[in-house]
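Asks: Shown below is the structure under consideration.
The values are calculated or read from the model by the stated rules, or taken from the named source; none is laboratory data. Predicted, not measured: the structure shown is a model, and the values here were computed from it. Methodologically, a virtual Cβ is constructed for each residue, glycine included, from the backbone with ideal geometry; neighbour enumeration extends over all protein chains shown. These accessible areas exclude ligands, DNA and RNA; they are computed on the full protein's heavy atoms, side chains included. Shrake-Rupley method; radii C 1.70, N 1.55, O 1.52, S 1.80 Å.
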Amino acid sequence: MTSQGGVRSRLDDWLNPIVVKELRQAVQGKFVAAALLLLLIIQLAALGIYIVSNGDFVGRYDAGRYAFMFLLAILMAICLIFVPAYTAIRLAFERDTNVDLLFVTTIKPSAIVWGKLFAALTITVLIFSACMPFMVFTYWLRGIDLPSIFVLMMASFLVVAVAVQLATFVACLPAGRVLKILLSLLALILFLQAFIATLSWSYYSLTTGIGSRLGSWTFWGPASAVILIAVAVLGLLFSLSVAMIKPVSANRALPVRLFVTGIWLVSAIASAVIAYVQRDNTALSVWSVLSVLVFAGAFFVAVSEREQLGPRVVRTIPWSGLRLPAFFLFSGGASGVAWAALMSLLTYLAVSFLAASSTTLKAGGSIKQSQVWVGGLAMYGLAYSMSALLARRYLLARWMGPKYTWLIALVLLAAGCVIPFLIGYLVTFGSFNRAEDIGGWLVTNPFTLGIGSYQTTYLVFAGGWALLASLLNADWLIEQIKAFRPHET
Amino acid sequence: MKIEVVHLKKHFGKTRAVDDISFTFAAGNVVGFVGPNGAGKTTTMRILATLEEPTEGDALIDGISVVEEPERARGLVGYVPDALPTHRDMSVHDYLDFFARAYAIKGARRPQVIEGIEEFTNLAGIRGKMLYALSKGMKQRVSLARALLHDPPVLIMDEPAAGLDPRARVELRELLRVLAGQGKAILISSHILTELAEICNGAVIIEQGKLLMAGAISDLLSTDGLRRTVMIRSLERPEDLVRDLLEMPHVESASPAGGEVVLEVNGSDEVCSEILIALVQRGHKIVEFKQLRAGLEDIFMNLTKGDVQ
């Protein structure tokens, strides 16, 4: 074999099998080609109609900007619906039926998810590349520069990437068809919001100018933050998707918790640096609240995890001093609760410490509010998940397994947000003007922590509730802590 | 190489699809997995193929648990499902190439393996054909080829002969014979019991998720309590023989058939020999006393009630 052939063969081996299959199917099938052709026709028609209907564009200086926004809207509408749906439906089909039999091969779950994502992104690149000439053409209509076009295309690509990964995550969920359809609709609403947000941000960026700010911190600071958040969300969804299709017996939580812990640390450092450089604690506030939202969600997931570790996980529990950190990171309900609680506490301490270390940062009012939100959301998250656990263990044990505890927690949360509000509204009927008027009734709603006059009440209530529910589940926690012992040979 | 199914249970809500099933078979054996529709055959096979997780119990393939180490178990199992590949946009060769890649068959070995399997399963001539354009028999071959790509020592085949024409069935049977000869352990489910009986040396019979019987075909046939059919030829008139036979315990029926007598005996081999002794003692001149071997079909009909849960 020639060296060229050897390199080709090695490259061929290195390629992800899913990517090869998906792209072969995309090329041989008519669906992708037809969708691409249709998009090009729509773009061409849209551009033609715009030019024809705006006959005075020669004298205008913003025609290119508007034409670009028009084309971007078409591109994003198709990419935020077609590509995620194409990827998710194919994967869900493969999981639902045994037609493709992907899951009896020795291919790794991470390779499956990565392959699906990479193939979808390749199709996205194809679509973006096909649309690029039309987009670039708008430069000749004036009102937009080439760097702006490329930056906005890159940002849009990032949004589509996150959307594809979200759709893949929904497809990977081990849920029934009805629940999956509901979750898909929820994802569709998120895509719609992403569509509106992308277009709004793009328009705002074009009107305020991108090209002129490319060399300054005012562009790269927020851009870095957005990229970091997008990568974090992408990574989180990726690791969750992989965990979902891993066998139940595997240590599924370990990579997810390691990733979240890592990204939490990196984003903490980044937001601290931004806060110190800009002498503004907004970045810290955003980081802390976003972090605790993830950890509050982690409580819901944790109480749905398996309660007894299988021999496979037990075999990997270390004997040495690593046992304690392993407890926080390994799969298992109690481990998940302990990890989410620890991370919430660390977030609270980090915000408090960073704020205390600088008078400028401490002076900002938002840092105190961040502390309230961080503490409050974590305690509400713990309280709801522990209450759901209690309900599942003592009331619903005959009908529900541990894996659906999150659903009970969600129902409780929805009830806690809506029912007291309705009662308060009826009680104060006629005199209700603002949320503060029924503040006392909103004590079970974690999203009303912003009502200043009731913050202490809410925090005390959430803390007491979380503590009580945890104490009532103490046997569940202690049993699992005791069982977290290495395999005895 | 040994396959052990240990107290396997799989519940779907209140339905007990598989209810405490245990059986074992070893390399080189072809075991027929028999049961009425809805008996739990497909669920058990899907658990063995790591596509389903059991509610309780386990299955060990060469000591590797399909529950605890499904990734390792997958390397040892080739699974042929009852559903056939239907991709509209994939050729036979691309399909096999994808699975060869998924089984991490790398470099120059991959085309060699695919070519070898295509030759073995007689797919070489249609390697460029699209999957959707294939006949059912050809799709079944593709499915078998896919399952054989990583040369697994265990083959799990769910209704591989369903819907195949007689020629395709004969060809499939020949392929299975060759594979069994190669030392593979094969678990095969089918409703065509006469065909199974021809290639199987073991059988597992289940109904409503419960195990009714499992073991080597020869052992199953000699199990006490089964009905046996015996043919007797004597030098006297068959009617005389029938009269005496009907007076004997365990003889459920006896009737002349040509110059012979065919009787149904409810009992073991020992009971049959006692009948022969009694006939000789009564002075009958027996020329031939032959037990007509009960087939898998007879065992199946004797054991199952045809109930569906």
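Asks: Taking the condition of being in contact (Cβ under 8 Å) with a residue 12 or more places away in the chain and not hydrophobic (A, V, I, L, M, F, W, C), how many residues in the range B:244-273 meet it?
Replies: Number of matching residues: 12.
Listed here are the residues, each with its yes/no results for (1) under 17 Å from the mean Cα position of the chain (by Cα); (2) surrounded by fewer than 16 Cβ atoms within 10 Å (Cβ to Cβ).
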position: A:Ala161; (1), (2): yes, no
position: A:Ala167; (1), (2): yes, no
position: A:Cys172; (1), (2): yes, no
position: A:Leu186; (1), (2): yes, yes
position: A:Phe191; (1), (2): yes, no
position: A:Leu199; (1), (2): no, no
position: A:Ser202; (1), (2): no, no
position: A:Thr207; (1), (2): no, yes
position: A:Ile210; (1), (2): no, no
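Asks: Within the range A:303-328, which residues are more than 14 Å from chain B (Cβ to nearest Cβ) and either among the small types (Gly, Ala, Ser) or outside any loop (DSSP other than H, G, I, E, B) (or both)?
Replies: A:Ser304, A:Ser320, A:Gly321, A:Arg323, A:Leu324, A:Pro325, A:Ala326, A:Phe327, A:Phe328
Asks: Here is a follow-up. Any residue at all in the range A:68-88 that's in a helix (DSSP H, G or I), modelled with pLDDT under 85 and open to solvent by 50 Å² or more (accessible area, probe 1.4 Å)?
Replies: Taking every residue of the range A:68-88 in turn, none turns out to be in a helix (DSSP H, G or I), modelled with pLDDT under 85 and open to solvent by 50 Å² or more (accessible area, probe 1.4 Å).
Asks: Please pick out the residue among B:Glu119, B:Glu68 that is more than 25 Å from the chain's Cα centre (by Cα), among the charged types (D, E, K, R), modelled with pLDDT of 90 or more and open to solvent by 20 Å² or more (accessible area, probe 1.4 Å).
Replies: Criteria check complete, one pass: B:Glu119.
Asks: Sticking with this structure for a sec: Being out of contact with any strand residue (DSSP E or B) (no Cβ under 6 Å at 6 or more places or on another chain), part of a loop (DSSP other than H, G, I, E, B) and modelled with pLDDT of 90 or more: is that true of A:Ser331 here?
Replies: Taking the combined requirement at face value, the residue satisfies it.
Asks: May I pose another question? I need the strands (runs of 3 or more DSSP E) fully contained in the range B:1-89, keeping only those with at least 3 residues that are within 14 Å of chain A (Cβ to nearest Cβ) and touching a residue at least 60 places away in the same chain (Cβ under 8 Å).
Replies: Strands (runs of 3 or more DSSP E) meeting the threshold: B:77-80.
Asks: Being at negative phi, open to solvent by 10 Å² or more (accessible area, probe 1.4 Å) and among the small types (Gly, Ala, Ser) is the filter here, so list the residues in the range B:18-56 that pass it.
Replies: B:Ser22, B:Ala26, B:Ala27
Asks: I need every pair where a residue in the range B:155-172 that is in contact (Cβ under 8 Å) with a residue 24 or more places away in the chain has its Cβ under 6 Å from the Cβ of a residue that is of a type in the set (Val, Ile, Thr) and open to solvent by 30 Å² or more (accessible area, probe 1.4 Å), sequence separation at least 6 or different chains.
Replies: Listed by first residue and then by second, the contacts come to B:Asp158/B:Thr42; B:Ala161/B:Ile192.
Asks: Something else now. Quick check on the range B:117-134. Is at least one of its residues away from chain A (no Cβ under 11 Å) and basic (Lys, Arg)?
Replies: Yes: one or more hits.
Per-residue answers, yes or no, for (1) open to solvent by less than 10 Å² (accessible area, probe 1.4 Å); (2) modelled with pLDDT of 85 or more; (3) not aliphatic (A, V, I, L, M):
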residue: A:Gly365; (1), (2), (3): no, no, yes
residue: A:Lys368; (1), (2), (3): no, no, yes
residue: A:Ala378; (1), (2), (3): no, yes, no
residue: A:Arg393; (1), (2), (3): no, yes, yes
residue: A:Ile408; (1), (2), (3): no, yes, no
residue: A:Val418; (1), (2), (3): no, yes, no
residue: A:Phe421; (1), (2), (3): no, yes, yes
residue: A:Val427; (1), (2), (3): no, no, no
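Asks: Give the residues of the range B:3-17 that are surrounded by fewer than 16 Cβ atoms within 10 Å (Cβ to Cβ) and modelled with pLDDT of 90 or more, sorted by residue number.
Replies: Initially, the range B:3-17 is screened for residues surrounded by fewer than 16 Cβ atoms within 10 Å (Cβ to Cβ), giving B:7, B:11-15.
The one that is surrounded by fewer than 16 Cβ atoms within 10 Å (Cβ to Cβ) and modelled with pLDDT of 90 or more: B:His7.
Asks: Moving on. Which residue is surrounded by the fewest Cβ atoms within 10 Å (Cβ to Cβ), if the candidates are limited to the range B:246-301 and must be β-branched (Val, Ile, Thr) and in contact with a helix residue (DSSP H, G or I) (Cβ under 8 Å, 6 or more places away or on another chain)?
Replies: B:Ile286
Asks: I'd like to know if the range A:259-273 contains one or more residues that are open to solvent by 60 Å² or more (accessible area, probe 1.4 Å) and polar (S, T, N, Q).
Replies: No - not one qualifying residue is present in the range A:259-273.
Asks: Still on this structure, I have one more. Anything in the range B:90-108 that is in a loop (DSSP other than H, G, I, E, B), in contact with a helix residue (DSSP H, G or I) (Cβ under 6 Å, 6 or more places away or on another chain) and within 8 Å of another protein chain (Cβ to nearest Cβ)? List them, or say none.
Replies: If the condition is that a residue be in a loop (DSSP other than H, G, I, E, B), in contact with a helix residue (DSSP H, G or I) (Cβ under 6 Å, 6 or more places away or on another chain) and within 8 Å of another protein chain (Cβ to nearest Cβ), then B:Met90, B:Lys106, B:Gly107 are the ones that fit.
Asks: Considering every residue within the range B:188-198, establish whether at least one is hydroxyl-bearing (Ser, Thr, Tyr) and surrounded by 18 or more Cβ atoms within 10 Å (Cβ to Cβ). Even if it seems obvious, please write down each step before you answer.
Replies: Here is the first cut: in the range B:188-198, the residues hydroxyl-bearing (Ser, Thr, Tyr) are B:189-190, B:194.
Within this subset, residues satisfying the condition of being surrounded by 18 or more Cβ atoms within 10 Å (Cβ to Cβ) are B:189-190.
The answer is yes, given that some residue of the range B:188-198 is hydroxyl-bearing (Ser, Thr, Tyr) and surrounded by 18 or more Cβ atoms within 10 Å (Cβ to Cβ).
Asks: When both residues are 6+ apart or on different chains and their Cβ atoms are under 7 Å apart, which pairs have a first residue that lies in the range A:17-43 and is over 13 Å from A:Phe82 (Cα atoms) and at the interface with another protein chain (Cβ under 8 Å from one of its Cβ atoms), and a second that is surrounded by fewer than 16 Cβ atoms within 10 Å (Cβ to Cβ) and basic (Lys, Arg)?
Replies: Final answer for the pair search is A:Gly29/B:Arg88.
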